[in-house]
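Asks: I have a structure here, written as structure tokens, and I will follow up with some questions on it.
The values are calculated or read from the model by the stated rules, or taken from the named source; none is laboratory data. Please read these numbers as outputs of a predicted model, since none were measured by experiment. Positions of Cβ are generated from backbone atoms using ideal geometry, with glycine treated the same way; all protein chains shown enter the neighbour counts.
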Ligand code: HEM
């Protein structure tokens, strides 16, 4: 009997862990016809893959090269815009972009954003609590708007423009990693329209900041490399970096908050533990990221023959690093299917590893910690108000909606 390996089947979309456990146990380096890719499901193989130079992140350019000679299409134009993102580049181009962006992240003093993020979360929760106590969507009210607003604020965009960041992020998600369903015929047109609008917006904002520098991250990203004062990000690169930050930091953080809340709702003992012991929030976030993190699969393009656990993998093939499987590997984590907010150490790979490891991890952890902490504190009696549905995305573990009921209004009325 062949092992089920279609990670987009309805069963695997609803709960990938049974399919992934069987693959990890019986064929940990598995060629999947369904995905036309190798699936790596063991923690050690996934960790080693992050360091393997035969596995490239430069995977958009080969798609473009393969299309050369065909009539240019809208999807080519979208791909060209994405091809310059550092997350799909290799050294030396990646090294330079990462250094310039990394300097700007450091200059931002993320830890000082604590109070600001808490205020944002509380404002969003006010709206949620004012909605129907019998059940509103915690994603559309809280988990979804928060990260785009934080990124817009970090980049120094005026408050009034924040909603546009959310729309652009949606349009990017339609194409960049296929969220929203491959079947959407208009997704490239929508994405291209959104990207063009965003491009024009960031160019205007860059011009404003050149005239009038601020304390924001966009201004910091305009600075020269301290080790090479002749080098700085060109305008095209700045625009690409803003788009990447918005894209990489929005859907992931939304899903981090939503998946974490769902996991707590499904494990009432752990929810109670967190209510009683808010000091556990930091390790709890790590465990929630391990247990059901936002990124299910990362993609690599094979550029040189390489051997993984005895399997020869050839140039031109694709490798999927299945983070959701690595994070539940019993060879690395005791009782991996148990949610244990006190788990320590917790060396999960939800943020990746190696040169591309998430540059926004500190910010993502802070947003998730504050959002989950405030949700637990402000929604007494919170419970699911309907069965949540997972999106059929290969790359991300993403809910359509998270209907949550609570007793917050009742408590307020009584008290
Ligand atoms: C819980 C939320 C998040 C998760 C789970 C996450 C996860 C990841 C992972 C796994 C990677 C590695 C990609 C690879 O190896 O191909 C990555 C890279 C990246 N992330 Fe995040 N991320 C999150 C939030 C954020 C935020 C808030 C930002 C920025 C505002 C951000 C910006 C980036 C960027 C720019 C990269 C590319 C880094 C590079 O190529 O060197 N991420 N992220």
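Asks: How many of the residues making up the range 335-369 are farther than 20 Å from residue 266 by Cα and either part of a helix (DSSP H, G or I) or away from the ligand (no atom under 16 Å from the Cβ) (or both)?
Replies: Residues meeting the conditions: 12.
Asks: Another question, if that's okay. Residue by residue through the range 147-171, note down the ones that are touching a helix residue (DSSP H, G or I) at 6+ places or on another chain (Cβ under 6 Å) and more than 15 Å from residue 108 (Cα to Cα).
Replies: Selection gives 147, 148, 149, 162, 165, 166, 168, 169, 171.
Asks: Given 293, 249, which one is at pLDDT below 95 and under 22 Å from residue 394 (Cα atoms)?
Replies: Going through 293, 249 in turn, just one is at pLDDT below 95 and under 22 Å from residue 394 (Cα atoms): 249.
Asks: Give the range 267-300 a look and list any residue that's away from the ligand (no atom under 15 Å from the Cβ), in a helix (DSSP H, G or I) and free of Cβ contacts under 8 Å to residues at least 60 places away in the same chain, or say none.
Replies: Those that are away from the ligand (no atom under 15 Å from the Cβ), in a helix (DSSP H, G or I) and free of Cβ contacts under 8 Å to residues at least 60 places away in the same chain: 268, 269, 272, 276, 279.
Asks: How many residues, within the range 301-311, are part of a strand (DSSP E or B) and away from the ligand (no atom under 12 Å from the Cβ)? Before you say what the answer is, go through the steps one by one.
Replies: Taking the range 301-311 and keeping what is part of a strand (DSSP E or B), we get 301-302, 306-308, 311.
This time we only want the ones that are away from the ligand (no atom under 12 Å from the Cβ), so: 302, 306-308, 311.
Residues in the range 301-311 being part of a strand (DSSP E or B) and away from the ligand (no atom under 12 Å from the Cβ): 5 in total.
Asks: So residue 39 clears everything in (1) under 21 Å from the mean Cα position of the chain (by Cα); (2) more than 13 Å from the ligand (Cβ to nearest atom); (3) surrounded by fewer than 14 Cβ atoms within 10 Å (Cβ to Cβ); (4) not in a helix (DSSP H, G or I) except one condition, right? Which one?
Replies: So residue 39 meets the others, but not (3).
Asks: Can you tell me which residue within the range 370-381, out of those that are assigned to a helix (DSSP H, G or I) and away from the ligand (no atom under 11 Å from the Cβ), is farthest from residue 43 (Cα to Cα)?
Replies: 378
Asks: Can you name the condition, by its number, that residue 315 falls short on among (1) under 30 Å from residue 385 (Cβ atoms); (2) touching a strand residue (DSSP E or B) at 6+ places or on another chain (Cβ under 6 Å); (3) away from the ligand (no atom under 15 Å from the Cβ)?
Replies: Of the numbered conditions (1) under 30 Å from residue 385 (Cβ atoms); (2) touching a strand residue (DSSP E or B) at 6+ places or on another chain (Cβ under 6 Å); (3) away from the ligand (no atom under 15 Å from the Cβ), the odd one out for residue 315 is (1).
Asks: Quick check, is residue 246 over 19 Å from residue 384 (Cα atoms), touching a strand residue (DSSP E or B) at 6+ places or on another chain (Cβ under 7 Å) and within 11 Å of the ligand (Cβ to nearest atom)?
Replies: Against the criterion (over 19 Å from residue 384 (Cα atoms), touching a strand residue (DSSP E or B) at 6+ places or on another chain (Cβ under 7 Å) and within 11 Å of the ligand (Cβ to nearest atom)), residue 246 does not qualify.
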